[in-house]
Amino acid sequence: QNSQDAIIEQTSSLITVDDAIERLGYGKYQMLVTLAAGLGFVADAMEILLLSFLSVALESLWGLSANQASLMTGIVFLGAMTGTLVLGRLGDILGRRPIFLFSVVLIATFGLVTAACNSFSALVLVRFIVGFGVGGLTI
């Protein structure tokens, strides 16, 4: 009977995640985190949208084959998969914040470098790095 009473007493003192959030409230810090995460996911969506325009434009400008255009699109997803695996583990070790910031910097920097690429191989490499950064946003 005493052990059952102890279990009931422990259970009644637990709170749910929703209750904890209600007690803490939603302040300036939570707004900043939400904004940062939202902007990161907007950048991710823009990168994916860019793929559809970029592959069609470069197919005609550079005379890319259908396989090359597909590689240019697929390499971003390969980078994202690799980024999730590598940066997810690093996020466990170093913390989520530095990895998230690193991912945002990668996406922004190499997204701009994409415009300076003048060869297909350079473009594939740069788009892989962008994808790697996109993979880090999901940790």
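Name every residue in the stretch 110-139 that is open to solvent by less than 50 Å² (accessible area, probe 1.4 Å) and not hydrophobic (A, V, I, L, M, F, W, C), in order of residue number. Result: GLY111, THR114, SER119, ARG127, GLY131, GLY133, GLY135, GLY136. Of the residues making up the stretch 19-36, those that are at pLDDT below 85 and open to solvent by 70 Å² or more (accessible area, probe 1.4 Å) are ASP19, ILE21, GLU22, ARG23, LEU24, TYR26.
Quick grid of which residues meet (1) more than 19 Å from VAL113 (Cβ to Cβ); (2) without any contact (Cβ under 8 Å) to a residue 12 or more places away in the chain:
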| site | (1), (2) |
| --- | --- |
| VAL17 | yes, yes |
| GLU22 | yes, yes |
| GLY25 | yes, yes |
| TYR29 | yes, yes |
| ALA36 | yes, no |
| GLY40 | no, no |
| ASP44 | no, no |
| LEU49 | no, yes |
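The residue list LEU94, LEU71, LEU39 contains one member that is at pLDDT 95 or above, hydrophobic (A, V, I, L, M, F, W, C) and open to solvent by 40 Å² or more (accessible area, probe 1.4 Å), which is LEU94. When each of GLY91, GLY83, GLY111 is tested for being of a type outside the set (A, V, I, L, M), more than 11 Å from the chain's Cα centre (by Cα) and within 12 Å of LEU137 (Cβ to Cβ), the lone residue that passes is GLY91.
Give the number of residues within the stretch 61-107 that are touching a helix residue (DSSP H, G or I) at 6+ places or on another chain (Cβ under 9 Å), farther than 12 Å from ARG127 by Cα and in contact (Cβ under 8 Å) with a residue 24 or more places away in the chain. Residues meeting the conditions: 18.
The values are calculated or read from the model by the stated rules, or taken from the named source; none is laboratory data. Remember, predicted model here, so these are calculated numbers, not experimental data. All Cβ positions, glycine included, derive from the backbone under ideal geometry; neighbour counts span all protein chains shown. Areas reflect the complete protein model, heavy atoms only, side chains present, ligands, DNA and RNA absent. Shrake-Rupley method; radii C 1.70, N 1.55, O 1.52, S 1.80 Å.
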